[in-house]
Amino acid sequence: MVKRVAILTNGGDAPGLNAVIRAIVKTAETNGVECYGFIEGYKGLLNNNYVKLDSKTNASGLLHRGGTIIGTSNNTNVFNYKTINENGEVEYKDLSDVCVQNLKDDGIDCLFTLGGDGTQKSSRDFSLKGVNCIGVPKTIDNDVADTDITFGYNTAVSIATEAIDRLHTTAESHHRVMVLEVMGRYAGWIALESAIAGGADVALIPEIPYDMNKVVEKINERKQIGKNFTIVVVSEGAKPKDGEITVKKKLDDGSGLDNIRLGGIGDKVANDIEELTGFTSRNTVLGYVQRGGTPTAFDRVLSTQYGAKAMELAMDGIFNVLVTYKEGKFGSVSLESVVGKNTVVGAASGNTAESNIRKVQMDDRLIKTARDIGICLGD
């Protein structure tokens, strides 16, 4: 019987995290289960820093709140933890056994891991050490394998769509090309769906290396029919044909982590367009606005259902799985399925050959719809 469970939120913050926490806590209390939260993700698990969660006190009034009340970390891989030895040299250590012992000492029967592909990779690695884990897919990028939609994504798309709506007025008034750079890392879901929702003319996504000549053709076609402005949405991970992704900064967060910070592709696209067309072009980087603040009603409901389902699985004794939402139904898949070929304990997730992140496929209905309504995808 599950008597004590714990939650951690890891990776980038996303709208709906607090709603998931609230749903797990409430469902736990309904079934007489105590609930705890580790502070700042896997870092809190390593330091055994946790709080008791209670729907009457600290886990109350969370539905509309962005962020996460228990904090998060996106630079902690306890299986490859960066330390400084007595000689002042960087040394990487596997400290996962410390975390396992903390869970045993705390009497935790199940650990809920709220996060994206990196978080779920560590969750899978902990499951191999005997920890009962249940993952809940969180990321605005919508790139977690085996689930149709992650919580936080709908809010990000809604914010990007509103930005496109606002850029339309300036673009049309000044006869400009307005470029909007959105998040998504190596998956183009936010760019593609917000472009459709916002009536953009061009959408450049990581899955389709773009030809700038095709973008120019689209701009000139619009000019010929009297449309002296264009809206371009570009995902931060987009890249030109025979080119590379644009890296803003290389980090040193540690081995086993994605140490690349993307950014700058919007400026590049805007500059290239202005040089090739003569149209004044401006870039707007939406940035962290996409994942901050109040979640949409859709994400509140989705997050609540994810949280409740996670606790239901724990009560049924179903562990080492990811809660999924596929074809309108909630279910689960093994964490082994989520990591795919990325099976080395402590290895990085993200844009590697072994990773199993969910990218836009060319037969996806969104691709077909974008082409049907005349959105240029750069190919």
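The values are calculated or read from the model by the stated rules, or taken from the named source; none is laboratory data. Values in this document were obtained by computation on a predicted structure and should not be read as measured data. Ideal geometry is used to build each Cβ from the backbone, glycine not excepted, and the neighbour counts take in all protein chains shown.
For this structure, a couple of remarks:
- Meets criteria (hydroxyl-bearing (Ser, Thr, Tyr), surrounded by fewer than 24 Cβ atoms within 10 Å (Cβ to Cβ), touching a strand residue (DSSP E or B) at 6+ places or on another chain (Cβ under 9 Å) and over 28 Å from VAL345 (Cβ atoms)) for THR170: yes
Residue by residue, here is whether (1) in a loop (DSSP other than H, G, I, E, B); (2) touching a helix residue (DSSP H, G or I) at 6+ places or on another chain (Cβ under 8 Å); (3) in contact (Cβ under 8 Å) with a residue 12 or more places away in the chain; (4) not assigned by TED's automatic domain parsing to the domain that holds ALA314 holds:
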position: GLY11; (1), (2), (3), (4): yes, yes, yes, no
position: PRO15; (1), (2), (3), (4): yes, yes, yes, no
position: GLU29; (1), (2), (3), (4): no, no, yes, no
position: CYS35; (1), (2), (3), (4): no, yes, yes, no
position: LYS52; (1), (2), (3), (4): no, no, yes, no
position: THR68; (1), (2), (3), (4): yes, yes, yes, no
position: ASP97; (1), (2), (3), (4): no, no, yes, no
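- Check on GLU193, outside any strand (DSSP E or B), within 23 Å of the chain's Cα centre (by Cα), farther than 19 Å from LYS268 by Cα and acidic (Asp, Glu): yes
- Matching residues, the range 284-309, being buried (at least 17 other Cβ atoms within 10 Å of the Cβ), aliphatic (A, V, I, L, M) and more than 16 Å from the chain's Cα centre (by Cα): VAL285, ALA308
Results for (1) farther than 24 Å from PRO206 by Cβ; (2) without any contact (Cβ under 8 Å) to a residue 40 or more places away in the chain, shown as yes or no for each residue.
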| residue | (1), (2) |
| --- | --- |
| GLN224 | yes, yes |
| LYS239 | no, yes |
| GLY243 | no, yes |
| GLY263 | no, no |
| ASN271 | no, yes |
| VAL285 | no, no |
| THR294 | yes, no |
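- ASP252 falls short on exactly one of the conditions (1) surrounded by 16 or more Cβ atoms within 10 Å (Cβ to Cβ); (2) modelled with pLDDT under 95, and that condition is (1).
- Options ASP125, ASP105, ASP148, ASP143: the member that is in contact (Cβ under 8 Å) with a residue 60 or more places away in the chain, surrounded by fewer than 21 Cβ atoms within 10 Å (Cβ to Cβ) and of a type outside the set (S, T, N, Q): ASP148
- Positions within the range 70-87 being without any contact (Cβ under 8 Å) to a residue 60 or more places away in the chain and surrounded by 17 or more Cβ atoms within 10 Å (Cβ to Cβ), in sequence order: VAL78
- Among the residues of the range 315-352, those that are of a type in the set (A, V, I, L, M, F, W, C), in contact (Cβ under 8 Å) with a residue 12 or more places away in the chain, out of contact with any strand residue (DSSP E or B) (no Cβ under 7 Å at 6 or more places or on another chain) and part of a loop (DSSP other than H, G, I, E, B) comprise VAL345, ALA347, ALA348.
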